[in-house]
2 protein chains.
Amino acid sequence: MAATINDVARVAGVSISTVSYALSGKRPIGEKTRQRIESAILELQYQPNAGARALAGRRTYILAVTEPLRPDTYTPAHMAFVLAAATAARAYDYDVLLLTQDEATGGLHRVTSSRLVDGVIVLDVLAEDERAELVRSLDVPAALVGIPADTDGLVCVDLDFEAAARLAVDRLADGGHRVVGLLGHPPSVYARGSNFPLRFREAFVARAAERDLEVRLGAPERTIAGVREAVAEILGPDRDLTGLVMHCEDTIQMRALDVLCEAGLRVPQDVSVISAASTFDTSTFTPPLDVIPLIPAESCSRAVELTIAQITGTVDPRVELIPPTYVDRGSTAPRRP
Amino acid sequence: MAATINDVARVAGVSISTVSYALSGKRPIGEKTRQRIESAILELQYQPNAGARALAGRRTYILAVTEPLRPDTYTPAHMAFVLAAATAARAYDYDVLLLTQDEATGGLHRVTSSRLVDGVIVLDVLAEDERAELVRSLDVPAALVGIPADTDGLVCVDLDFEAAARLAVDRLADGGHRVVGLLGHPPSVYARGSNFPLRFREAFVARAAERDLEVRLGAPERTIAGVREAVAEILGPDRDLTGLVMHCEDTIQMRALDVLCEAGLRVPQDVSVISAASTFDTSTFTPPLDVIPLIPAESCSRAVELTIAQITGTVDPRVELIPPTYVDRGSTAPRRP
DNA sequence: TCTAGGCGTCGAAGCGCTTCGACGACGGTC
DNA sequence: GACCGTCGTCGAAGCGCTTCGACGCCTAGA
């Protein structure tokens, strides 16, 4: 059997409560006593029993992470968020319970009302997401990574996709480009009401209008054929497009570069290319791409932080947008006259 | 506050233990009593407190899943296993705690000795894997998905990669092919001692020798250039290779098909191609590929099953190999004379 | 008719921890 | 020198659940 706090107390020659206070630091402990307790813990390899701790302390030190990997979600990107959340949680001594697909709502209900978890991190939020509703009605400490249509009463964190889109457009506009394209996600992603692709696209179009640019939008299927078609369309019959922003999965981006290459267009001499809101490493692409990175660790650690803050106190509902940054890798150039 | 078993007992007009037995089914309960209890539960929206249950019942109904997404692991495939494990666990009313990277061993120790989890699923096992050691010494209910070098005392489940390799070789040999290639993983994967790629490759070479075939091995980098180079090398200066087995990630496989295509080689007329031990869908490739699938749900649900069997009783250490199957999609043909 | 023995229920004893109140021993204050 | 506050420690009361033993009751077998 594993050692209990009782064993520790006996070996150290103190009472149970003293051990508990030594562990939690909630009351001062004498130096000698503390040392005896510490060596008893080491000797016995004591680890507090999680169940007992949860029962008595009303804290499980577990966070639920819900990520409903939907039929056409792109796994690597989404998993990056799950991992980032797990890592961030561990930094606060929290563990992470993974809630998937079918369990996204039912499971949320179950784990919160059975007090299995202290809080919830909601990933991959749709504009209309039942989990947002649920979290609101459950009134459980939670943070959403992503922005639902109705953020009332919720704590949300996300990259500022609108600002990212503007940043990309401005970069091209400042370089003198007049015709710019956005190579986006597959059509099904937009159809689903997935949140950030829409936000990005709208802001892109709006800023391009402000800057007086001509805009071409593409939503390619993932296949090489799909990408070829979308890129051809964006380039236009006269190939007058000189600025391309890609806000899509890495496979599509890589294929798009292949397509540009086979069309004899050089980056950045003929076309300036920017990879936007990407979770992957664009420095290994051929050529390496300028990128406005979407860093899972950033939003997830903030989400974890805010959730734990709710557990230990009170946090006002809010939407926190993380400002985008621009990484220059030489894939953009001023438009040639 | 959430309702407790006490409230249920009061509302139903029975004792606490009766409610508990009604819930667990461990003792017979009268029909009328059961109904009163059930409606009390519904009325109060009662959910047993997880902590109390864990403390009293010595079961948390949580399984740890460790997946140390290493620098160069290929996320989608690995996540498929995590998800499969989570889904399988839920089928047995177990939840899943995600242990990642840095926490793979330390975390395992922590969650088992604090009794946070009832058992452990170990994913992505290396030939020499400290987690295998740990599980052995911790003596905790566990199942490994993958086969470490030393399986002594462990419960392991995996696809029979050796048989899969033989199946692929035999298919080509039976079709009259004399020169066959294996397009494998990037070199770093083999270098790391990752388990199944090595097992597959060795069995492939051995079977090819038995069938008197000439073998060419490739371990391409993921880039299009890397794939191009590896494929060219495998094809040989005379392009006399007619059978190709691919045991690698989907991007590499797709790129290899692109490369064959641009080299003017048709599948299956010029080259027969088999995708081996693949977790992804090869039916959407151009052309669709024959595949010996590696089905995460299969091995994971068996692993979960075996772990839970250990929790509730005893299971003899064992290595269970799942026999491979062959799915014909028309990407192989007899060798043309 | 008497007695096993199964059924249905209850009370009580924990499970291992946190936390509140209490209490003696000090040191500082007026 | 009496008083107060702080420090360091202890005992005990739970937290909400499972499970063991006990105890009527009813049926079946002898």
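The values are calculated or read from the model by the stated rules, or taken from the named source; none is laboratory data. Note that the structure is a prediction, hence the values are computed from the model and not measured. Please note: Cβ atoms are built from the backbone with ideal geometry, for glycine as well, and neighbour counts cover all protein chains shown. Only protein heavy atoms, including side chains, enter the accessible area calculation; ligands, DNA and RNA are left aside. Shrake-Rupley method; radii C 1.70, N 1.55, O 1.52, S 1.80 Å.
Near A:ILE295, within a Cβ-to-Cβ distance under 12 Å, what is the net charge of the other residues, with Lys and Arg +1 and Asp and Glu -1?
After counting each charged neighbour, the total is -2.
In the context of the full set of protein chains, residues of chain B present 43 Å² of accessible surface per residue (probe radius 1.4 Å, heavy atoms only). Which residues, if any, in the range A:71-113 have at least 40 Å² less accessible area in the whole protein complex than in the isolated chain, probe 1.4 Å? The answer is A:PRO76, A:MET79, A:LEU83, A:ARG90, A:ASP95, A:VAL96, A:LEU97, A:LEU98, A:THR100, A:ARG110, A:SER113 - residues whose exposure falls by at least 40 Å² when every protein chain is included. Here the simple spin-label model places points 7 Å from the Cα toward Cβ, and for B:ALA263 and A:ASP170 these points are separated by 4.9 nm. From its DSSP helices (H runs of at least four residues, each -39,500 (n - 2.57)), chain A gives a residue-normalised ellipticity at 222 nm of -14000 deg cm²/dmol. Rounded to 0.05, the FRET efficiency of the A:GLU221 and A:ALA56 pair, given R0 = 60 Å and the Cβ-Cβ distance, is 0.60. Annotation for the range A:305-324 versus the range B:244-306: alpha-carbon center distance of 44 Å.
Ordering A:VAL271, A:PRO186, B:VAL19 by the projection of their Cα atoms onto the charge dipole of the protein assembly as shown, which places +1 on the Cβ of Lys and Arg and -1 on the Cβ of Asp and Glu, puts B:VAL19 at the extreme positive end.
Membrane-span-like helices in chain B (whole DSSP H runs, Cα extent of at least 15 Å along the helix axis, mean Kyte-Doolittle hydropathy of at least -1.0): B:31-44, B:75-91, B:161-174, B:195-210, B:224-235, B:250-262, B:296-312.
Once you list every other residue whose beta carbon is under 12 Å from the beta carbon of A:ALA54, what net charge do they have if Lys and Arg are +1 and Asp and Glu are -1? My count for the surroundings of A:ALA54 gives +4. Of the accessible area of chain B, computed with a 1.4 Å probe over protein heavy atoms only, carbon and sulfur atoms account for 51 percent. Shape class of the protein assembly as shown from the alpha-carbon gyration tensor: oblate, with a/c at 1.5 or above and b/c at least as large as a/b.
For the range A:47-149, applying the loop criterion from DSSP together with a ceiling of 13 other beta carbons within 10 Å to the GluC sites (Glu not before Pro) yields A:GLU128. With label points set 7 Å from Cα along Cα→Cβ, the inter-copy distances at A:GLU210 are 6.8 nm, sorted shortest first. Taking label positions 7 Å along the Cα-Cβ direction at both B:SER24 and A:TYR326, the computed distance is 6.5 nm, reported to one decimal.
Remark: spin-label model distance A:SER39-B:HIS109 equals 2.1 nm, labels positioned 7 Å along the Cα→Cβ axis. Computed from protein heavy atoms with a 1.4 Å probe, the total accessible area buried between B and A is close to 3400 Å².
Would you work out the relative contact order for chain A, in percent, from Cα pairs under 8 angstrom that are 6 or more residues apart? Here the relative contact order equals 17 percent. Note: chain B, Cα convex hull, 165 Å³ per residue.
Calculated FRET efficiency, A:ALA191 to A:ASP240, Cβ-Cβ distance, R0 = 45 Å: about 0.95 to the nearest 0.05.
For A:ILE322, the residues whose modelled amide H falls within less than 5 Å of its own, excluding neighbours fewer than 5 places apart on the same chain, are A:ASP158, A:LEU159, A:ASP160. Rounded, prolate or oblate: which fits the range A:128-232 when a ≥ b ≥ c are the square roots of the eigenvalues of the alpha-carbon gyration tensor, with rounded for a/c under 1.5 and prolate only if a/b beats b/c? Here the range A:128-232 falls in the oblate category.
Here the contact order of the range B:142-288, divided by its residue count and restricted to Cα pairs under 8 Å and six or more residues apart, works out to 25 percent.
Once a ≥ b ≥ c are taken as the square roots of the eigenvalues of the Cα gyration tensor of the range B:161-293, is the result rounded (a/c under 1.5), prolate (a/b larger than b/c) or oblate (a/b not larger than b/c)? Rounded is the answer for the range B:161-293, as its axis ratio a/c remains below 1.5.
Between amide H atoms placed 1.01 Å from N, distances below 5 Å from A:VAL245 occur with A:GLY181, A:LEU182, A:LEU183, A:ILE274, all of them 5 or more places distant or on a separate chain. Between copies, B:LYS32 shows label-point distances of 6.7 nm, shortest first, with the point placed 7 angstrom from Cα along Cα to C-beta. With label points set 7 Å from Cα along Cα→Cβ, the inter-copy distances at A:ARG336 are 4.3 nm, sorted shortest first.
Straight Cα distances below 19 angstrom link A:LYS26 to the aspartates and glutamates A:GLU38, A:ASP93, with same-chain residues fewer than 8 positions distant left out. Between A:LEU213, A:LEU182, A:LEU289, the Gaussian network model of chain A with springs among Cα atoms under 10 angstrom shows the greatest mean-square fluctuation at A:LEU213.
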